[in-house]
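Attaching a single structure in structure tokens format; questions to follow.
Values quoted throughout were computed directly from the atomic coordinates according to the rules given, and no laboratory measurement underlies them. Values in this document were obtained by computation on a predicted structure and should not be read as measured data. Glycine also receives a Cβ, built like all others from the backbone with ideal geometry; neighbour counts cover every protein chain displayed.
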Amino acid sequence: MSVTWTGPAEAPVSARIAALAPSLQPSERRVVDAIAADLAAAVECTAQEIADRVGVGRASVIRTAQSLGYDGYPQLRVALAREVALAPATATADDSPIGSLRAAVDRFARALPHLTAALTPADVERFVAALDQAPRVVLVAAGLSAPLGLSMAMRLSAAGRPAEYLPDTLSQLIAARSLEPGSVCLVISGSGANQPSLDAAAAAHEAGARVLVLTSFARAPIVEHADTALVIPAVSDSFSDELVHTSRAALALVIEALVDQVVTRRGSRGREARDAALRLIGGRLRE
């Protein structure tokens, strides 16, 4: 099945690659991995030079550009040049522990502008409205995404929007299957391919509930079950790097911002619930 970028036109190349890479054809994935590894070098290459570098045909490079949402490779090069020109300067390499730590933080900071690149205002509005209005919300998250499920359930509950999170995946499946029409099953899955989460999303959809998804990849299997999916591109430099250094930091940051939007939407109800939660926390603190 052909894969094509359908997100915002202003999304940078690196964000498109991060969101689409897992669902591209093998030859296209080799092309995007080469581009992502060195954006500046890719700007200087023709389609044929990229093809020769990664061992694919020129047509594969052109097809990759089209999968990323561009008319052809020249338009992809222009988008790359713009992204490189706007990128902040990188710090001097330092192999010490503190230097490596700073470098990791710097890489994440450079990725921050891209975290919302695949989002549309309409999708975010539908997502927040569904959370606010649903009579019942069940959180589904497993593996490395499991802590995010607990975090979001706690944050939503503190905002006066009670949400359920059960750490056991079988319990999540049972809860999802018990949802009624109008309720929400919110699935958090960085990979978008976790089988227990896929099963729970399918069960919730079959039950008539609204399925909301937070994931890192636009063509992940979990998106097929979603009524509304928010795609937060991975912060890694390439898909292969994401497999080795899997991070959920980007999703965690967006989750906090989404809960703030729920609080804002709920108006005085949200503010009062948050104030009450803070008073309870204050009462438990000691010098």
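Run the dipole for the chain about the Cα centre, Lys and Arg Cβ at +1, Asp and Glu Cβ at -1, nothing else charged, and hand back the magnitude in debye, nearest 20.
Here the size comes out at about 680 debye.
Provide, in order from the shortest bin, the percent of all Cα-Cα pairs of the stretch 121-284 in each 10 Å bin, continuing until the bin that contains the maximum pair distance.
P(r) for the stretch 121-284, in whole percents per bin: 11, 41, 34, 12, 1.
Return P(r) of the stretch 144-239 (all Cα-Cα pairs; 10 Å bins starting at 0; whole %; ordered from short to long distances).
Bin by bin from 0 Å, the calculated values are 17, 50, 28, 4, 0.
Between Ile98 and Glu272, how many nm apart are label points set 7 Å from Cα along the C-beta direction?
5.0 nm
Let me ask another. Which FRET efficiency, nearest 0.05, do Glu206 and Glu256 yield, Cβ-Cβ r, R0 30 Å?
0.45
What is the ratio of the Cα radius of gyration of the stretch 99-184 to 2.2 N^0.38 Å, where N is its residue count, to two decimals?
For the stretch 99-184, the normalised Cα radius of gyration is 1.36.
Rg/Rh for the stretch 1-139 to two decimals, with Rh computed the Kirkwood way over all alpha-carbon pairs.
My calculation puts Rg/Rh at 1.06.
Against the longest alpha carbon principal axis of the chain, how many degrees, from 0 to 90 and to the nearest 10, is the axis of helix 58-67 turned?
Helix 58-67 sits roughly 30 degrees off the main axis of the chain.
Follow-up question, since we're still on this one. Sticking to Cα atoms, compute the Rg of the chain to one decimal and its Dmax as the biggest Cα-Cα distance, whole number, in Å.
20.7, 67
For the stretch 13-86, what is the Kirkwood estimate of the hydrodynamic radius, computed as the reciprocal of the mean inverse distance between distinct Cα atoms, to one decimal in Å?
Hydrodynamic radius (Kirkwood, Cα only) of the stretch 13-86 equals 11.7 Å.
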